[in-house]
Amino acid sequence: MLEITIPENEFYDNKTNTFIQKKEAKLKLEHSLLSISKWESKWCKPFYGDEKKSADEIRDYVRCMTLTQNIDSCVYSAIPMQELKKIEKYLEEKQTATVFYDTGRKNGASNNRKRKIVTSEEIYYMMICYEIPFSCEKWNINRLLALIEICSIRSDPKSNKMSKKDIFHNNATLNAARKAKLRRHG
C-alpha cells in the first residue's frame, strides 16, 4: 500500500463561478487487480496495453486505487508531481521476495520479446484455474501475478520431472535404506 498527501488547494467551480478551498487529503492507494478491473471497465481497454495513458486515465487509475473513503473527485486533478512520481515508482515495485529465473535466456534476449497483453478478466480466469481465492484481488497486483506464475510453474508436469541424476540419487538412497532394514531383520 502507498500513502500520498495532496496539499490544501483552491479550485474554481464552473457551475457556481466561485473558488472552493479544499483541505489537505491523505490517500491510501493499492495497485491491485480490483483497481485494474475498475479502470478497465471504465476505459474499455487493457491497463497493461502498449498504448500510452493520458493524464486523465492516469488520474482515474489513482482514483481506482484509492482505498480512502469520501474523497472529492477534484482532489485527483491536484496531485503534485512528487506524489505522481511516488505513485509511478510504487506501480513498478515487485512487492514480493519471489525471483523467477528464465533458463531459456541467452544474453538477455528474452527481455526483448513482446509482452502479451493481459486484461483483468484473464487474470481472474487464471485465479479460477489455480483455485486462488477472489480475496486476493485486493493484493498488490505484482504479488498476485507472482503467485499465478508459481502456480503455473508448479502445475506444469515438465517442471516437476526429476533429472536422471536426482532419480539415481533417490533410488540409491531408497535401496540403501531397504538393505539396512533387511540386515536388521535378516
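Which residues make up the longest stretch of the chain clear of trypsin sites (Lys or Arg not before Pro) that lie in a DSSP loop with no more than 16 other Cβ atoms within 10 Å, not counting the sites?
Between exposed loop sites, the widest span is 117-157.
Could you rank ASP60, ASP72 by how accessible they are, 1.4 Å probe, largest area first?
Largest accessible area first, the residues go ASP72, ASP60.
Using Cα atoms only, what is the angle between the long axis of helix 33-43 and the major principal axis of the chain, expressed in degrees (0 to 90) to the nearest 10?
Between helix and principal axis, roughly 50 degrees.
Got a sec? Charge dipole of the chain, +1 on Cβ for Lys and Arg, -1 for Asp and Glu; which of THR66, ILE36, ILE167 is way out at the positive end?
In the chain, that residue is ILE167.
222 nm [θ] for the chain, helices only, -39500 (n - 2.57) per DSSP H run of 4+, per residue, to 500?
My calculation for the chain gives -14000 deg cm²/dmol from helical runs alone.
Which lysines does LYS181 reach when only Cα atoms under 23 Å apart count, and residues fewer than 8 places away in its own chain are ignored?
none
Quick one: how many lysine pairs in the stretch 1-96 have C-alpha atoms under 19 angstrom apart, if they're 8 or more apart or on different chains?
Value for the stretch 1-96: 21.
What dipole magnitude, in Debye to the nearest 20, does the chain give about its Cα centre under +1 on Lys/Arg Cβ and -1 on Asp/Glu Cβ?
1840
Once fully extended, how much extra length lies between SER41 and LYS15, figured as 0.36 nm per residue of separation less the alpha-carbon to alpha-carbon distance?
Full extension from SER41 to LYS15 adds 6.5 nm.
Test of understanding: in a Gaussian network model of the chain with alpha carbons linked when under 10 Å, which of SER77, SER163, SER41 would top the mean-square fluctuation ranking?
Judging by the Gaussian network model, the answer is SER163.
Under a GNM of the chain (C-alpha, springs under 10 Å), which listed residue has the highest mean-square fluctuation: ALA172, ALA25, ALA55?
Comparing ALA172, ALA25, ALA55 in a Gaussian network model of the chain, the most mobile one is ALA172.
Which whole-number percent gives the relative contact order of the chain, counting Cα pairs below 8 Å spaced six or more residues apart?
In percent, rounded to a whole number, it is 24.
Which is the longest part of the chain that has none of the chymotrypsin sites (Phe, Trp or Tyr not before Pro) sitting in a DSSP loop with at most 12 other Cβ atoms within 10 Å?
1-99
For the pair VAL118 and GLU8, how long in nm is the line joining their label points, each one 7 Å along Cα→Cβ?
4.5
Once a ≥ b ≥ c are taken as the square roots of the eigenvalues of the Cα gyration tensor of the stretch 37-89, is the result rounded (a/c under 1.5), prolate (a/b larger than b/c) or oblate (a/b not larger than b/c)?
Oblate is the answer for the stretch 37-89, as a/c is 1.5 or above yet b/c matches or exceeds a/b.
Just to confirm the number: angle between the C-alpha axis of helix 120-129 and the first principal axis of the chain, 0 to 90 degrees, nearest 10?
Once rounded, one gets 30 degrees.
Please list, ordered by chain and number, the residues whose modelled amide H lies under 5 Å from the amide H of LEU67; skip anything fewer than 5 residues away on the same chain.
LYS28, LEU29, GLU30
Stretch THR96-ASN175 to full length: gain in nm at 0.36 nm per residue minus the Cα-Cα span?
Full-extension gain reported as 24.4 nm.
What's the long-distance tail for the chain, i.e. % of Cα pairs beyond 24 Å?
Looking at the chain, the distances longer than 24 Å represent 57 percent of pairs.
Angle between the Cα long axis of helix 141-155 and the longest principal axis of the chain, 0 to 90 degrees, nearest 10?
20
The values are calculated or read from the model by the stated rules, or taken from the named source; none is laboratory data. As the structure is a computational prediction, the values presented were derived from the model and not from experiment. Here the Cβ is made from the backbone with ideal geometry for all residues, glycine too, and neighbour counts use every protein chain on show. Side chains are part of the model used for accessible areas, which takes the heavy atoms of the whole protein and leaves out ligands, DNA and RNA. Shrake-Rupley method; radii C 1.70, N 1.55, O 1.52, S 1.80 Å.
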